[in-house]
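What follows is a single structure, written as structure tokens, with notes after it.
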Amino acid sequence: MTDTTYKYFHAIQILEDNCTGCTACVRVCPTEAIRVRDRKAYLDPTRCIDCGNCVTACKFHAIIPRSDSLKAINKYKYSVAIISAAYFGQFTEDISYPVAKAAILELGFDEVAEEASITEFMIDVIREYIRENRDKRPILSSNCPAVVRLIQVQYPSLLPSLYLRETPMSVLTRFIRDKVTKEKNLQDDELGIFLIVPCVAHVTAVHQPEGVNKHLQDGAFSIGMIYGRVREYLKNLQNNPPEIDTYPKGLTWALSGVQAELVDCDDIRTLSVNGIDNVMEILSRVEDHYLDQYDYIVLRSCTNGCVGGCLNVENPFVAMSRIKKMIKEGDVTEVDLSGIETMYRAGEFDVDQLSARPIMELDKDIKAAIKKMKQINEFLTMLPGLNCSACGSPTCYALAEDIVMGKASIEDCVVLLKRQSKEEE
Amino acid sequence: MNEFWHIEPRFEAAVKGYFAQPPQAELELEFPVPEKDFNTAGNGASETKNLLKRLGVDSDTLRRIAVAAYEAEINVAAHSKGGIMKCLIYDDLIHIRFQDEGPGIADMDQAMIPGYSTADELVREMGFGAGLGLPNIKKNSDALHILSSANNPTTVELLIFF
């Protein structure tokens, strides 16, 4: 399913037939990656960070998430699902945690695992990393793939500040792959590992991970996509309560605030930021070294963290409240993580330094860039300044830039056109 | 009038040459800085940084410009009756000039001491007024020029080379 026409994979798809050219997506895109031309929306793959804002904004089902088909699990002799902690906030309170978890198994997996099972280990590893890298302050969490891509395109100077270790779902993937292939005597390609994820960014990360060259997951299913199927199994499971391990204390991973609180301790000061606009404001301040007093900043593109992912079914605040209740009322689960610990000590979860995907520069040469900026300013004085997006660019400034970069023309401005036709009358 | 000059030695000739006959700027930006308005104070610095990012100015220089401009902008909002921030951009440097409407700096030497502040109650309540503004601007600029006296407008201008 990987689209080879583009350098960058994106887990969203624009269905031209459904697109009305309304520009709702153009206006909500934080990196100005979408344009409407000839009444159809187009995505600039170099600018898109997979935040999913456009998926939520589109009322015509024209921008839809790409997801793998559940049939993909049949290709493997043995299949494992790793569930994002956000999944457990999607059910009404009469559905118990074990029932919700067992329902995933019913989809046809041989085994289910949870991101939540290694949260405690992750907290220790993150603290260790923060202490080992005293020269970098603040360190920025890399769990949210949309934030990682945002930094690559718009704040490349902050790339060295990213936490450079695998995320919990990938740590778990590597561990399960190692363990299951040995225990079940399977070849690497006979074992399929799939993620159950709350957002498009995580689907993208599965298909085009940053900073790793190792075999990770074999596909990703969104919570929204499997939800209908899962619900069919719930009733039966409620009548026959399954025996299955759960990790309530680890569900914190779905909530950006709680994760930050857990890492916070005597010698580590943390800050939690969620929502893409807040994330951008904070990254800009980090760039100017105004937030050096923090050791670690948890950044999540969605409201409240992964519970706010656009492929969830429940409202992020309700989901957060449910997960908080489960954390509060749940017991600590004893887990043997010595295998993961060994892999970690062997450097198995190290990640390469990520490269920039700069989109901000008008030109490599400053003289040429200044020339383009002057041209942009000239067009800007001609444009009405309403930022109505009717031309298909998000703002008048963006249209001016599009014109100078040869991607649009001044005739695209509807307001100017109307004024001209009035003058001619 | 009291005058303060700070010039990084390696830029001495370039700075003097620049001020002797300031050339026509390639790009200009201008922002009003209203008195005690801490919601908009900082917008000028942030917009300037965004523009320079588009020109491809390197990240370390960008940071110095953002910090110096932000501190100076906050100074105008916190201590003066309001003023104007003007950026003159060239292909090798930026010249940022802050012109306020008074009441001026009475003791220039003291103002340059880290931790010294004349900020009033309101400004301190807003979390500003730690007395690090001017020293921070000086630290991040290649040249800093201040012209002021008590009960007169103040001009603060700085140069940073790319």
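The values are calculated or read from the model by the stated rules, or taken from the named source; none is laboratory data. What you see is a predicted model, and the numbers here were worked out from it, not measured in a lab. FYI the Cβ positions are ideal-geometry reconstructions off the backbone, even for glycines, and counts take in every protein chain you see.
For the reader, a short list of remarks on this structure follows.
- Count of residues meeting criterion [surrounded by 23 or more Cβ atoms within 10 Å (Cβ to Cβ) and of a type in the set (Gly, Ala, Ser)] in segment A:203-247: 3
- Qualifying position, being within 14 Å of another protein chain (Cβ to nearest Cβ), surrounded by 14 or more Cβ atoms within 10 Å (Cβ to Cβ) and not in a loop (DSSP other than H, G, I, E, B), among A:Leu416, A:Leu380: A:Leu380
Table: residues versus (1) buried (at least 21 other Cβ atoms within 10 Å of the Cβ); (2) in contact with a helix residue (DSSP H, G or I) (Cβ under 8 Å, 6 or more places away or on another chain).
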position	(1), (2)
A:Lys7	no, no
A:Thr20	no, no
A:Cys29	yes, yes
A:Arg47	no, yes
A:Lys59	no, yes
A:Ile63	yes, yes
A:Tyr78	no, yes
A:Ala86	yes, yes
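- Enumeration of residues in segment A:248-263 that are crowded, with 19+ Cβ neighbours inside 10 Å, of a type outside the set (A, V, I, L, M) and farther than 12 Å from A:Thr303 by Cβ: A:Pro248, A:Gly250, A:Thr252, A:Trp253, A:Gln259
- Filtered residue count, segment A:121-155, keeping only those that are farther than 11 Å from A:Ser301 by Cα, assigned to a helix (DSSP H, G or I) and among the β-branched types (Val, Ile, Thr): 6
- Within segment A:345-356, tally of residues that are acidic (Asp, Glu) and either assigned to a helix (DSSP H, G or I) or within 14 Å of chain B (Cβ to nearest Cβ) (or both): 0
- Unique match (being touching a residue at least 40 places away in the same chain (Cβ under 8 Å) and under 30 Å from A:Ile226 (Cα atoms)) among A:Met360, A:Met326: A:Met326
- Count of segment A:255-301 residues which are free of Cβ contacts under 8 Å to residues at least 24 places away in the same chain and within 14 Å of chain B (Cβ to nearest Cβ): 6
Quick grid of which residues meet (1) at negative phi; (2) modelled with pLDDT of 95 or more:
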residue	(1), (2)
A:Gly347	no, no
A:Ser355	yes, no
A:Ile359	yes, no
A:Ser389	no, yes
A:Pro394	yes, yes
A:Asp402	yes, yes
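- When restricted to residues that are buried (at least 21 other Cβ atoms within 10 Å of the Cβ) and without any contact (Cβ under 8 Å) to a residue 60 or more places away in the chain, segment B:54-68 contains 3.
- The residues on offer are A:Ile359, A:Ile323, and the sole one that is outside any helix (DSSP H, G or I), surrounded by 14 or more Cβ atoms within 10 Å (Cβ to Cβ) and out of contact with any strand residue (DSSP E or B) (no Cβ under 9 Å at 6 or more places or on another chain) is A:Ile359.
- Taking the criterion of being surrounded by fewer than 18 Cβ atoms within 10 Å (Cβ to Cβ) and either under 21 Å from A:Pro156 (Cα atoms) or facing chain B (nearest Cβ under 8 Å) (or both), the residues of segment A:362-376 that qualify are A:Asp363, A:Lys364, A:Asp365, A:Lys367, A:Lys374.
This table checks each residue for (1) in contact with a helix residue (DSSP H, G or I) (Cβ under 8 Å, 6 or more places away or on another chain); (2) within 12 Å of chain A (Cβ to nearest Cβ); (3) at pLDDT 90 or above.
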site	(1), (2), (3)
B:Arg10	no, no, yes
B:Lys16	no, no, yes
B:Lys49	yes, yes, yes
B:Leu52	yes, yes, yes
B:Leu55	yes, yes, yes
B:Arg63	yes, yes, no
B:Ala69	yes, yes, yes
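- Looking only at residues in segment B:113-162 that are part of a helix (DSSP H, G or I) and modelled with pLDDT of 90 or more, the one that is nearest to the chain's Cα centre (by Cα) is B:Ile137.
- Within segment A:392-410, if we keep just the residues that are in contact with a helix residue (DSSP H, G or I) (Cβ under 7 Å, 6 or more places away or on another chain) and free of Cβ contacts under 8 Å to residues at least 24 places away in the same chain, the residue that is surrounded by the most Cβ atoms within 10 Å (Cβ to Cβ) turns out to be A:Leu399.
- Residue selected from segment A:252-268 under the condition in contact with a helix residue (DSSP H, G or I) (Cβ under 6 Å, 6 or more places away or on another chain) and modelled with pLDDT under 90, by the criterion nearest to A:Val307 (Cα to Cα): A:Ala254
- Where B:Leu51 falls short, out of the listed (1) of a type outside the set (Val, Ile, Thr); (2) in contact (Cβ under 8 Å) with a residue 24 or more places away in the chain; (3) in a helix (DSSP H, G or I); (4) touching a Phe, Trp or Tyr at 6+ places or on another chain (Cβ under 9 Å): (4)
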